[in-house]
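The values are calculated or read from the model by the stated rules, or taken from the named source; none is laboratory data. These numbers come from a predicted model, not from an experiment. Note that each Cβ is placed from the backbone with ideal geometry, even for glycine, and that neighbours are counted across all protein chains shown.
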Amino acid sequence: MIDSIKGPIFYKDPASVVLDMHGLRLKLSITVSTYNSLPDKGVETELFTYLNVREDLLELYGFANHEERNMFFMLNTITGIGPRSGMNILSGLNPVEFKKNIIAGDVKSLTVIPGIGAKTAKRIIVELKEKFVDQDDDNMDFMSSVDDGKAGDAVIALMSLGYRRGQVNHAIRKLESAGELNGTIEDIIKKALKKL
């Protein structure tokens, strides 16, 4: 697979960009958010790519960052969502907003995207919500702020009770932002349980 392409911009519009590869010009379909992040014409840029190969067609898609491309890959795992639909969805919402709306189960935010009806929106939410929660997109930054490792022990204890890592990390982050990540491990666990 072609992982990324780097070269000066020959042409760009909100749906596509042409990069000049030493005289070979490659056209990539892009999202609006990728378009907004592109530099001026003639300036070198790098786009992460996905090559869609069909019997009668080769399509190259470009993304400004890994997160957007990963979101595109996830969308393409859903029945009825192809590469073009995935690009339309990502053009309608930036990846961070999209992820928040999926986790919140916000059908309305998806149905405003052309070509996405209520049925498709519900399917997207059902198939992606748990993946996003489990991904824990904010990572575990709170761990570095707790020198004695109490938060880490609390996470392990809560996971042993059957909670998913993403859910637990989300609850611990809420405690940290509220300044409540203190006390014994038992105190942290009790407070986190109220957030779960």
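Outside any strand (DSSP E or B), more than 22 Å from the chain's Cα centre (by Cα) and not assigned by TED's automatic domain parsing to the domain that holds Pro114: does that describe Lys12? Here the answer is no, as Lys12 does not meet what is asked. Taken over region 40-56, the criterion of being in contact with a strand residue (DSSP E or B) (Cβ under 8 Å, 6 or more places away or on another chain) and assigned to a loop (DSSP other than H, G, I, E, B) is satisfied by Asp40, Lys41, Gly42, Val43. Filtering region 15-37 down to residues that are more than 25 Å from the chain's Cα centre (by Cα) and among the charged types (D, E, K, R), which residue is surrounded by the most Cβ atoms within 10 Å (Cβ to Cβ)? Among residues in region 15-37 that are more than 25 Å from the chain's Cα centre (by Cα) and among the charged types (D, E, K, R), the one surrounded by the most Cβ atoms within 10 Å (Cβ to Cβ) is Asp20. Of all residues in region 15-39, those being outside any helix (DSSP H, G or I) and of a type in the set (Gly, Ala, Ser) number 4. Just so you know, in region 39-93 the residues that are over 26 Å from Phe132 (Cα atoms), of a type in the set (Asp, Glu) and in contact (Cβ under 8 Å) with a residue 12 or more places away in the chain include one that is surrounded by the fewest Cβ atoms within 10 Å (Cβ to Cβ), and it is Asp40.
Considering each residue of region 128-151 in turn, at least one proves to be surrounded by 15 or more Cβ atoms within 10 Å (Cβ to Cβ), at pLDDT 85 or above, outside the structural domain of Thr34 (by TED's automatic domain parsing) and not basic (Lys, Arg).
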